[in-house]
Every structure is written in C-alpha cells, then in structure tokens.
C-alpha cells in the first residue's frame, strides 16, 4: 500500500468558545487543541485507514505532547518530527464571526514548527503523494525552502505533489504569493484551492479562465475546487463535475478544508472515480464541522461511508 506524506507546521490552537469574540477583548479561550493544517490533514489520512507521515517540529513541552500524542494515537508516522528542548511549541489563537470569517494570531516563526531541515526521508512503502499547504510556505523563508527541497526528494521517489494554497494573509504579509508557491505549482498534480485562492494564483477574474490557464501546466491532472457551503467542483481536462454538500449541523468549521484534502487524496489512493473522491472529501469535511476543535470530528471509514449514503 502507498503512503501519503506532508511537511509543515505542527501547533496547538487556542480558540474563542463563541462567535464574534474579538481576540483583543478580555474573555475566555479554550484549548489546547492539536492543530496546524498539515497535522489536521495527515491525521485525517491516518483515520481514513491510509499510511501517513509528517515531517515537522514541536517543543519538548506539554503543548508538543498534546499534538504528538494525538498523531501517534491515530497512527501517523512521527519519526521525522523534531522535539526541541528548551523551545516552545507553536501556537495559533483564533476567533470566528457570524459571517463565516476568521481572525488568527500566529506564534510560529522562531518555534520548532519551522525548524525541520531537509534530510533523507526513509519511507516504508512507495509514497503516492507529498502534500503541501501554502500556509507552511509562508511561515518562514528557510522552512519554505526546506519544504521545496523535500518535495523534490519525494518527486524523485515517485510521489505526486498535491497542493492546497491555504493562503493566510496574517502570514503572507506583503510578499508576492506566486514567488512563494511557484516551485510547488510547477510540480503540482492535484490542486485543492478555494475560489479566491484559485483566482489569486491564476491572476484571472473568473473560474473558467483560471482553470484553463492553470491546466497549461502539463503536470496538473485535477483541480478540486472547494466552494464552502456551495459544495465543490472537480475539474479535469475533459470536463468538470459539480457536487453539493452533506447537510449537517455545523459546530466549528476549523479544519474542514484540510479534511477535504485528505478525503480526496485517500479516494485517489483507492483508485476511485474523481467524483467519488470528492464525495469522500465532502463527507470528511462535514464530519469535522460537527465537533468543536480543528481535528475533533468523528472521521473514520465507517462514518464516511454512512455519510455518503445521503444525497449530495
């Protein structure tokens, strides 16, 4: 069986318990929750029954223990996760608003989350995918370069590159997004953007023109466009398929996109039709929104299968 690997920030998330609570206001926070987009993604891959590994770093502290214990429990290979003595695990503070928007304060740069260097990764099987999150590329220049070098190593091993632009304005600052993600896009086989991200990285003003432009890259095979409450659209060179969403009472949207990525790639690992991959992805995303916390949804092969019985 193949493997899925990722490299990126591992952190804990401290969350406001209710919507519309500003981060600057005095009030409650709850956590720590295991988090970091790459960690949410790879934990979901493992819970869906596939071999999964992550490269990253945490501090030798209680927050690091919080995340590593969770990843280990769910079966993620953490052999290449640094535990750095005397340094604190990265933290993100987040609040939500009733219009669906979010606001973050990140404490990542200078933490073990961005300290993992380029090294030879010994996989147990053939790596099918190396997954990259755009937020991981934005946190620190050296770490960005390290991720790109690790990507090249996995490509040499035969892995395809999957990419979620996952743009965080708080991390991007004034830098040009295309300079940061250019080497990844040149190697990307599976692109998993949101609508705004698709338009931003393509430089186009509408979805069809953006898709046409991006497919000029001969390496790119599929674009799985995440449209939030409007569902998703899977683009291939020969056409597209639109899907809705699985209705569920939402509790917390944190991590839904990362779980979508994991479900989609797991479906591809199982050689399923792309529409079915999107259904698995949508089910995993929906299940994650039904629980409070970035990776607390009841996601497993049985719960996803049960969800997929519903109409979408």
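The values are calculated or read from the model by the stated rules, or taken from the named source; none is laboratory data. Since the model is a prediction, treat every value here as computed from it, not as a measurement. Note that each Cβ is placed from the backbone with ideal geometry, even for glycine, and that neighbours are counted across all protein chains shown.
For residue 116, the stated conditions do not hold, so it cannot be described as crowded, with 18+ Cβ neighbours inside 10 Å, under 19 Å from the mean Cα position of the chain (by Cα) and modelled with pLDDT under 90.
Among the residues of region 118-159, those identified as assigned to a loop (DSSP other than H, G, I, E, B) and in contact with a helix residue (DSSP H, G or I) (Cβ under 6 Å, 6 or more places away or on another chain) are 118, 139, 140.
Residues in region 303-312 that are farther than 20 Å from residue 42 by Cβ and part of a helix (DSSP H, G or I): 305, 306, 307.
Could you list, in sequence order, all residues of region 54-74 that are in contact (Cβ under 8 Å) with a residue 60 or more places away in the chain and surrounded by fewer than 24 Cβ atoms within 10 Å (Cβ to Cβ)? Within region 54-74, just 70 meets the criteria.
Just to be sure, is residue 95 under 26 Å from residue 164 (Cα atoms), touching a strand residue (DSSP E or B) at 6+ places or on another chain (Cβ under 7 Å), in contact (Cβ under 8 Å) with a residue 12 or more places away in the chain and surrounded by fewer than 24 Cβ atoms within 10 Å (Cβ to Cβ)?
yes
Here residue 49 meets each of (1) surrounded by fewer than 18 Cβ atoms within 10 Å (Cβ to Cβ); (2) in contact (Cβ under 8 Å) with a residue 40 or more places away in the chain; (3) touching a strand residue (DSSP E or B) at 6+ places or on another chain (Cβ under 9 Å) with one exception, condition (3).
Looking across 45, 19, one residue alone is under 17 Å from the mean Cα position of the chain (by Cα) and outside any strand (DSSP E or B). It is 45.
Checking the conditions here, which among 186, 139 is modelled with pLDDT under 95 and either surrounded by 19 or more Cβ atoms within 10 Å (Cβ to Cβ) or over 24 Å from residue 122 (Cβ atoms) (or both)?
None of the others qualify; the one that does is 139.
Hey, residue 260 hits all of (1) over 21 Å from residue 101 (Cβ atoms); (2) touching a strand residue (DSSP E or B) at 6+ places or on another chain (Cβ under 9 Å); (3) part of a helix (DSSP H, G or I) but one; which does it fall short on? Going through (1) over 21 Å from residue 101 (Cβ atoms); (2) touching a strand residue (DSSP E or B) at 6+ places or on another chain (Cβ under 9 Å); (3) part of a helix (DSSP H, G or I) one by one, residue 260 breaks only (1). For region 164-179, does any single residue satisfy the condition of being within 16 Å of residue 10 (Cβ to Cβ) and surrounded by fewer than 23 Cβ atoms within 10 Å (Cβ to Cβ)? Within region 164-179, one or more residues are within 16 Å of residue 10 (Cβ to Cβ) and surrounded by fewer than 23 Cβ atoms within 10 Å (Cβ to Cβ). Would it be correct to say that residue 39 is buried (at least 18 other Cβ atoms within 10 Å of the Cβ), in contact (Cβ under 8 Å) with a residue 40 or more places away in the chain, out of contact with any strand residue (DSSP E or B) (no Cβ under 6 Å at 6 or more places or on another chain) and under 22 Å from residue 259 (Cα atoms)? Answer is yes for this residue. Evaluation of residue 80 against the conditions (1) touching a strand residue (DSSP E or B) at 6+ places or on another chain (Cβ under 6 Å); (2) surrounded by fewer than 20 Cβ atoms within 10 Å (Cβ to Cβ); (3) closer than 30 Å to residue 29 by Cβ; (4) at pLDDT 90 or above shows that the sole unmet condition is (3).
Of all residues in region 263-295, those satisfying the criterion of being assigned to a loop (DSSP other than H, G, I, E, B) and closer than 18 Å to residue 54 by Cβ are 294, 295. Only one of the numbered conditions (1) modelled with pLDDT of 95 or more; (2) not in a strand (DSSP E or B) is violated by residue 179, and that is (1).
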